[in-house]
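Undergrad: Structure provided below as structure tokens; questions to follow.
Every number here is computed from the coordinates shown, using simple stated rules; none is lab data. The shown structure was predicted, so the numbers you read here are calculated from the model rather than taken from an experiment. Note that each Cβ is placed from the backbone with ideal geometry, even for glycine, and that neighbours are counted across all protein chains shown.
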Amino acid sequence: MSEADRLMIHYRDPGDPRTEDPPPGEEWVTQLSMTGPVRENAVARLHGLMLRAARHQVSRMPDAAGLGAALREEIVHSAADEATLSVLTRLSTFEGRSRFTTWAYKFGILHAGVEVRRAAWNGREIELHEAAEPREATAASPEAYAEGRDLAEAVRDGLGQVLTPHQRRIAVALLVDEVPIDVLAERLGTNRSALYKTLHDARKRLRAHLSAQGFLPAQTTEEVNR
């Protein structure tokens, strides 16, 4: 994308009447694929849609409440810019299975969520523990308490026995410490797909371990191969 395109996306007034009444799906793709004023109008409409999507997502995220109005508005515009660029680079993947605006709206939501989580975790240290801190179990009965304690110990044993150190650190960070996956990926210099793969493998090993200990039903061949 040219620098002119980026400037146009960033500075187009969302209140401009050209951002209203977006065209149907096929016209969206056609107009966004053209050049000149037609494309500029379509990109302005798209950016307006991304602003609405980002603002909606930011308004409903608890993590955004403590960021302050100015930072929230900055996040909205940054997310809208990034989402607009994402849609433009993925036009060829739109298959028309839903309305174009519905398909595109998801990009605004996704980028706004990433921006909010990144801002909320800014300055917070992430410690990659190899073991989860023990938590006091609570239960409605002595029997349930004992079962919960035994399961917790089995999980803790599984973390130490069947996972690699890397799998263990990633699993604890994502599942126990609840670090957002996009934040963790950024801090570790990797990507979401790699972390999802690590987490999937870790869960698979833990499930096999818990099944062998009798805490979960035995896995079928299909489940093992997932």
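Undergrad: For F94, what is the net charge nearby, where nearby means another residue's Cβ is under 13 Å from its Cβ and Lys, Arg count +1, Asp, Glu -1? Walk me through the numbers before you get to the answer.
TA: On the way: positive: R90, R97, R99, K106; negative: E26, E27, E95.
Around F94, the surrounding residues sum to +1.
Undergrad: Convex hull over the alpha-carbon atoms of the range 40-104: what's its volume per residue in Å³?
TA: 90 Å³
Undergrad: Follow-up. Rank-order 89-95, 192-198 by packing density, defined as the average count of other C-beta atoms within 10 Å over each peptide's residues, highest first.
TA: Numbers: 89-95: 10.9, 192-198: 13.9.
Per-residue mean Cβ counts within 10 Å order the peptides as 192-198, 89-95.
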